[in-house]
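Read through the structure below, which is laid out as structure tokens, and then see the notes.
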Amino acid sequence: MKKQVKVVAAIIENENDEILCALRSPEMSIPNMWEFPGGKVEKGEDIFTALKREIDEELQCQVETDASIFNDNTHEYETFIINLLSIKCRIIGGTPTANEHSKLIWLKRENLSSLKWAPADIPAVEQLINEKNSLLK
């Protein structure tokens, strides 16, 4: 049976309505694909605490999270199954720094589809794009 991992991802939006996108490094699993930054939930940890810890470790900045899950997606990769919980956040301290990722960029919602996303992140990307479209109507 494949290993199941619970992962939290931060959808960080800035004051220019841009969303932070992180490029996985060649050394990471699912290399050179874009994702929302985050990481595994540790045993006994709640998802919001996990996300704050992961962002602090990965990007060296502090975030405040929404109280709800924006997108909940389970995706089966070749060697494992991921349950990816995407949560909207905003930065309350520090500036995001790419420590583990190859690159960080800020993109408008309508440009998110121009990147090659990790498969598990795609439903959240589509939800963000559709959310923007529904705001315009």
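The values are calculated or read from the model by the stated rules, or taken from the named source; none is laboratory data. Predicted model, so just to flag it, every value in this text is computed and none were measured. Cβ coordinates were reconstructed from backbone atoms using ideal geometry, including for glycine residues, and neighbour counts include every protein chain displayed. In case anyone asks, the SASA skips ligands and DNA or RNA and just uses the protein heavy atoms, side chains included. Shrake-Rupley method; radii C 1.70, N 1.55, O 1.52, S 1.80 Å.
Here is how the numbers come out for the structure above:
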item: Backbone HN-Hα couplings from phi across the stretch 116-124 [Karplus 6.51/-1.76/1.60, Hz, Gly and Pro as x]; result: 8, 8, 4, x, 5, 7, 4, x, 5
item: Accessible surface of the chain [probe 1.4 Å, protein heavy atoms]: carbon and sulfur percent; result: 48 percent
item: Whole-percent pair-distance distribution, where bins are 10 Å wide, for the alpha carbons of the stretch 84-127; result: 19, 53, 28
item: Order by protection proxy (mean Cβ within 10 Å, highest first), peptides 106-116, 4-14; result: 4-14, 106-116
item: Diffusion constant of the stretch 30-98 at 25 °C, which comes from Stokes-Einstein with the Kirkwood Cα-pair radius and 0.890 mPa s, µm²/s; result: 188 µm²/s
item: For the stretch 22-137, average projected area of the Cα convex hull in nm²; result: 7.7 nm²
item: Links that overshoot a 26 Å alpha carbon limit, given the list LYS43/LYS116; LYS88/LYS108; LYS2/LYS108; LYS88/LYS116; LYS52/LYS103; result: LYS43/LYS116; LYS2/LYS108
item: Average accessible surface area per residue within the stretch 62-137, 1.4 Å rolling probe, Å²; result: 57 Å²
